[in-house]
């Protein structure tokens, strides 16, 4: 092993040197030489807590409590909001009878934990250190236990009331566009039926003959009188579009067959919404998406089956909102219901469609701004352009703590299941990186997504945190 030098130590700890004061300014080229002299001997002479505090003070940083030292360097918590053993450099041999820091790797691992915790729950490593450094063992354990999900409690809840199933091919009928087309009550003529009959009569006047609903919906009657509803009509009549029509009776029979499916699907979806509301206090995952075609509904239904059909997630009996199984009496109610579910859910999964949706982007932004994990599932092209185009979901603020937060982005549906497993088992994995001096990013390891960041701009940092002062997590005395 090469002899340790000041230069080697600075290189080893450059990730933790952020140049804007606080613990991030402890080890710099200007730090007292005594600090480096002592650290150069660490492999042969383990660093005691007293000596560690002396080095902190000599580096113009505040000392720490015995329990803080033990928590971050001499213990590996059985329950923590993420897996501390997966942080770089971890060695189980550190936790023996010798109660000291035994190597540079050991020292780095504790700092890595502190920086990760600071980024996750404070958004500011300096403030995290100030808040945590004098805490007792009980205070530290309480603080982090409150951030953990109770996996065993979640498993032990038992199943919720069963939702009404709706055939995948009929789920598109629960949409607002279908409701506007078929009407509110069974037996009453919906706008779609009235428009089709008018279009068919116009077709007969023009010579008649075999036609299709698709042809009728693109005709003059529709474009003249129902232009604002034309897209909704085409969507709602999807399974009828290419069926041949020989008479008005054919038209009415085909319409009534789908209208029957519509009212069945809608009634089931309305009941399901009542079930969702009844368990909103225990909602685990809210699935947000935008569905504009019948195939979108099929794809979304299959995606939910695949994600939550993972055997490990089945054991948790997660309560998740499936958007293909729920409807509301009107769009105002729908908006209120969805906002409530975003507020109550522990995690949000955003399934991107072919086109952006303001409503779903807003839901994801709401969840991020509440500090909730957000998983962004999209195809490869969308994923590659996500950060390139600086999507608004890549940089938001947790209003409670002030931390800069971002979504986890993946084009793999199996990653979505894996991330949910890690979240609900407190086994998330993170990596720190410093892309330029002072700018720290915390990345989720599986997707390489930036989930937290800290700016290296001193003016921005000081101004930002001066205005967010008092918004840090409150620790009871």
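Readers should treat all values here as calculations from the given coordinates under stated rules, not as data from a laboratory. This is a predicted model, so every value here is computed, not measured. We place every Cβ from the backbone using ideal geometry, glycine too, and count neighbours over all the protein chains shown.
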> In degrees, nearest 10, range 0 to 90: what is the angle between the Cα axis of helix 458-468 and the longest Cα principal axis of the chain?
Replying inline: 70 degrees
> Taking Cα pairs under 8 Å and at least six residues apart, what relative contact order does the range 170-265 come out at, in percent?
Replying inline: 39 percent
> When the chain is fully extended, how far beyond the present Cα-Cα distance does residue 54 get from residue 231, taking 0.36 nm per residue of separation?
Replying inline: 56.5 nm
>> Run the numbers for residue 267 and residue 97: contour at 0.36 nm per residue of separation, minus the present Cα-Cα distance, in nm.
In response: 54.7 nm
> Taking only Cα atoms, what is the 0 to 90° angle, nearest 10, from helix 358-369's long axis to the longest principal axis of the chain?
Replying inline: 20 degrees
> Shape call for the range 1-159 from the C-alpha gyration tensor, a ≥ b ≥ c root eigenvalues: rounded (a/c under 1.5), prolate (a/b greater than b/c) or oblate?
Replying inline: prolate
> In what sequence do 467, 60, 203 fall when counting other Cβ within 10 Å, fewest first?
Replying inline: 467, 60, 203
> At what distance in nm do the modelled label points of residue 30 and residue 151 sit from each other, each positioned 7 Å from its Cα along Cα→Cβ?
Replying inline: 4.6 nm
> Here are some values of Rg/Rh (Cα atoms, Kirkwood Rh): [x] 0.96; [y] 0.98; [z] 1.13. Which one was computed from this structure?
Replying inline: [z]
> Where in the range 346-381 does the label zone of residue 455 land, with the point 7 angstrom along Cα→C-beta and an amide N cut-off under 19 Å?
Replying inline: 369
> Roughly what % of DSSP beta bridges within the chain run antiparallel, to the nearest 5?
Replying inline: 55 percent
>> Taking 2.2 N^0.38 Å as the expected size of a compact globular protein, what ratio does the Cα radius of gyration of the range 123-256 give against it, to two decimals?
In response: 2.02
> If you average the sequence gap of Cα pairs under 8 Å that are 6 or more apart and divide by the length of the chain, what percent do you get for the contact order?
Replying inline: 16 percent
>> Assuming 0.36 nm per residue, please report the length gained on full extension of the stretch residue 329 to residue 425 beyond their Cα-Cα distance.
In response: 30.9 nm
> Taking square-rooted eigenvalues a ≥ b ≥ c of the alpha carbon gyration tensor, is the range 179-338 rounded, prolate or oblate, where a/c under 1.5 means rounded and, failing that, a/b exceeding b/c means prolate?
Replying inline: prolate
